[in-house]
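Chemist: Quick one: this structure, given as structure tokens, is what I'll be asking you about.
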Amino acid sequence: MAQERYVFDYVIDLLGKLHLNDPAKGYDIQAFGYTQRSKSRSFLDLLYESSVVVKTGTKNGNAGNKYSETVSIDDAKSLCQDKNTVILEYSVGDSSSSLWLLPGQVISCLSCRIV
């Protein structure tokens, strides 16, 4: 389970580097998605480790699927209907950290390298 977290951290870090080189390509939005997946995966791992049984009524036996849906950047932006609402989303990894500022239709992604 910890190995999955490192993979997410690596991908988020790589997308942050790519975003710095070419901000118009949407790498920041992809990194946001991987941040959401990482947090969802961590939450499901915590549920599993604490022996909490999540019943979803699914027939395939994968009890976490209902709760593993992530928030898309569009979902997050839709919560910022006025100019006074801002969502801060962050990712703290071993090699870098990222912060997304989501005020309405504008997306800002700031990355900080850990040395």
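Chemist: Report whether or not C80 is in a strand (DSSP E or B) and either at pLDDT below 70 or not β-branched (V, I, T) (or both).
Modeler: no
Chemist: Oh, and also: Only one residue in D74, D45 is surrounded by 14 or more Cβ atoms within 10 Å (Cβ to Cβ), at pLDDT below 85 and assigned to a helix (DSSP H, G or I), so which one is that?
Modeler: Exactly one residue qualifies, and that residue is D45.
Chemist: Let me ask you something else. Could you check the stretch 1-51 and list, in sequence order, the residues that are over 19 Å from D94 (Cβ atoms), free of Cβ contacts under 8 Å to residues at least 40 places away in the same chain and small (G, A, S)?
Modeler: A24, G26, S40, S50, S51
The values are calculated or read from the model by the stated rules, or taken from the named source; none is laboratory data. Just so we're clear, the structure is a prediction, and the values are computed from it rather than from any experiment. Cβ sites come from the backbone with ideal geometry, for glycine too, and all protein chains shown count toward neighbours.
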